[in-house]
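First up is the structure itself, then whatever we jot down about it.
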């Protein structure tokens, strides 16, 4: 099942759940056989060997479950560590399974024994799921859920960042419809102010994307503030691309000589905590290439969905220029969202 986006939380006969920032996964168990399937029926089993024993120990002998694969670390869900599994060989997967073990958040039951439940209402499937999986223990979890829209709104207001994307709303009478957007997702769209450190040129002319930076929250008084690359702002219409290029021209002079990122690839690799350098290689490859450095004097307000591993995971969206704001006021503290109390209940040692 897929979900369509909504700007507000719907009220009615819905089951509400937190929207987890992980990898969607179907779990098939048939006796001693476990198979994990991702989107497009891609097998994920070999990438998550650390879950197999718990799945065999805790799940019914024959069943199909729908859920989300997660990795919890440093007080938040870490999508980068999770997706790193899919880019690793067997030895690397084993190492990651030891250093950053995975969890499975279960939210639906599609088959039990010989019974296909996909045409049953969600309310009935949820009841069966509670009956057969109520005693799950880490690394397997049964997702929190409620039929109370007030509770769901509270989740939406508090579950910002740390691996919570928002709230899902699923019709209680809805059946399991594959490949159709019958569920509703209400995702957070947050704002931040960033320094514009440069731009990349669109093949058809104008600005393809802005290169964004943030300063450390508390830079040392004895050293210059450290501007770190945190991602891109893109999605400009053709007319806006040309307008932006004209607006940025006056900031190009002297941009290269005094730029804090003389080598963008190195700056990306070294952004965030030191232990993240290896994990930044994929991002460095994606963000590198020809770009135009600017004097770091412009501040842009933007909207974004996910900020993880010290960067915007998807490209942010332009809102407006902020001539009233100093670039050195653009710090990481505005995107640092503490995990809600429910996080520690589910992942007490992460």
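Conditions tested, residue by residue: (1) modelled with pLDDT under 85; (2) out of contact with any strand residue (DSSP E or B) (no Cβ under 7 Å at 6 or more places or on another chain).
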{"site": "291", "(1), (2)": "no, no"}
{"site": "298", "(1), (2)": "no, no"}
{"site": "304", "(1), (2)": "no, no"}
{"site": "327", "(1), (2)": "no, no"}
{"site": "338", "(1), (2)": "yes, yes"}
{"site": "347", "(1), (2)": "yes, no"}
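Examine the stretch 244-255 for a residue that is in contact with a strand residue (DSSP E or B) (Cβ under 7 Å, 6 or more places away or on another chain), at pLDDT below 90 and either assigned to a loop (DSSP other than H, G, I, E, B) or within 30 Å of residue 92 (Cα to Cα) (or both), and state whether such a residue exists.
Here is the first cut: in the stretch 244-255, the ones in contact with a strand residue (DSSP E or B) (Cβ under 7 Å, 6 or more places away or on another chain) are 244-245, 248, 251-252, 254-255.
Next cut, at pLDDT below 90 only: 254-255.
Now restrict to residues that are either assigned to a loop (DSSP other than H, G, I, E, B) or within 30 Å of residue 92 (Cα to Cα) (or both): 254-255.
Within the stretch 244-255 (the criterion being in contact with a strand residue (DSSP E or B) (Cβ under 7 Å, 6 or more places away or on another chain), at pLDDT below 90 and either assigned to a loop (DSSP other than H, G, I, E, B) or within 30 Å of residue 92 (Cα to Cα) (or both)), the answer is yes, since at least one residue qualifies.
Assuming residue 158 fulfils every condition listed in (1) closer than 23 Å to residue 50 by Cβ; (2) touching a helix residue (DSSP H, G or I) at 6+ places or on another chain (Cβ under 9 Å) apart from one, which condition is it?
(1)
List the strands (runs of 3 or more DSSP E) that sit entirely inside the stretch 1-59 and contain at least 2 residues that are without any contact (Cβ under 8 Å) to a residue 40 or more places away in the chain and touching a strand residue (DSSP E or B) at 6+ places or on another chain (Cβ under 9 Å).
On the way: elements: 2-5, 14-20, 23-30, 33-37.
So the answer is 23-30, 33-37.
Taking the condition of being touching a helix residue (DSSP H, G or I) at 6+ places or on another chain (Cβ under 8 Å) and closer than 18 Å to residue 52 by Cα, how many residues in the stretch 73-87 meet it?
2
Name the pairs whose Cβ atoms lie under 8 Å apart, with the first residue in the stretch 112-123 and in the same structural domain as residue 66 (by TED's automatic domain parsing), the second modelled with pLDDT of 95 or more and in a helix (DSSP H, G or I), and 6 or more positions between them or separate chains?
112/128; 117/124; 117/125; 117/128
How many residues, within the stretch 297-324, are over 19 Å from residue 236 (Cβ atoms) and surrounded by 15 or more Cβ atoms within 10 Å (Cβ to Cβ)?
Here the count works out to 7.
Quick check: anything in the stretch 76-89 free of Cβ contacts under 8 Å to residues at least 24 places away in the same chain and either under 23 Å from the mean Cα position of the chain (by Cα) or in the same structural domain as residue 180 (by TED's automatic domain parsing) (or both)? Outline the logic, then answer.
First, pick out the residues of the stretch 76-89 that are free of Cβ contacts under 8 Å to residues at least 24 places away in the same chain: 89.
Of the ones still in play, those that are also either under 23 Å from the mean Cα position of the chain (by Cα) or in the same structural domain as residue 180 (by TED's automatic domain parsing) (or both) are 89.
Taking every residue of the stretch 76-89 in turn, at least one turns out to be free of Cβ contacts under 8 Å to residues at least 24 places away in the same chain and either under 23 Å from the mean Cα position of the chain (by Cα) or in the same structural domain as residue 180 (by TED's automatic domain parsing) (or both).
The values are calculated or read from the model by the stated rules, or taken from the named source; none is laboratory data. Everything numeric here is computed off the predicted structure, so don't read it as measured data. Cβ coordinates were reconstructed from backbone atoms using ideal geometry, including for glycine residues, and neighbour counts include every protein chain displayed.
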